[in-house]
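Here's the structure, in structure tokens; my notes come after.
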Amino acid sequence: MNDYISTIDTNDIVATGEGELAVKTVSDTTLQAWAQGASTSRETKVTSHYSQSDWVYVAINAILSACNSIPLMISLSDDKIVESGPLIDLLYHDPEMSWRKKLEELVGYLALFKSCYIVYEDMVGNRPTKVTIASELHLRPEYKNRELVHWKLMDDWGQQRIVLPDEVYKISTF
């Protein structure tokens, strides 16, 4: 396992699926060092604005709770409800993560970081059969001559893998 502080389990906000978030955090110094590509010590004490402020915690959980109360459906431009097909399979039939959990992570990352990433995985042709929701703490861009070559995605166990630029979609609130 590498020394990068980069996983959901050690330094990120994780939606529990019950409208609440579990939090483990890293210090600003450690995060800054990681963002610059340096190795970091696991002995660093961790802090977070999310865990330090009760109001931020309450606000984010209120937003997530509101999202969970909305009935989810997909419809076409003529208001016909879509009940089957590749998009329904992608969103609703993922055995590893429910649609509600994906929505919680997406909305939580947007609220906390003002951006999040959808990583397309298991491509069949030009369609993903699985997506991962990631924060800026999970993805690190790799550049060559000021051009994005690929992303490094870090999973919950600190394992890194390469993701191509066209397999990452960024959502930003600004």
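The values are calculated or read from the model by the stated rules, or taken from the named source; none is laboratory data. Given the structure is predicted, the values throughout are model-derived calculations rather than measurements. Here Cβ is always computed from backbone atoms with ideal geometry, including for glycine, and neighbour counts include all displayed protein chains. In case anyone asks, the SASA skips ligands and DNA or RNA and just uses the protein heavy atoms, side chains included. Shrake-Rupley method; radii C 1.70, N 1.55, O 1.52, S 1.80 Å.
Some observations on this one:
- If only residues of the stretch 147-158 that are among the charged types (D, E, K, R) and touching a residue at least 24 places away in the same chain (Cβ under 8 Å) are counted, the one that is surrounded by the fewest Cβ atoms within 10 Å (Cβ to Cβ) is D156.
- Number of positions in the stretch 115-129 that are modelled with pLDDT under 90 and open to solvent by 40 Å² or more (accessible area, probe 1.4 Å): 7
- The criterion of at least 1 residues that are among the β-branched types (V, I, T) is met by the following strands (runs of 3 or more DSSP E) wholly inside the stretch 119-174: 127-134, 147-154, 160-163, 168-172.
- Answer from K114, K101, K144 - the residue that is touching a Gly at 6+ places or on another chain (Cβ under 6 Å) and either without any contact (Cβ under 8 Å) to a residue 12 or more places away in the chain or under 21 Å from N61 (Cβ atoms) (or both): K101
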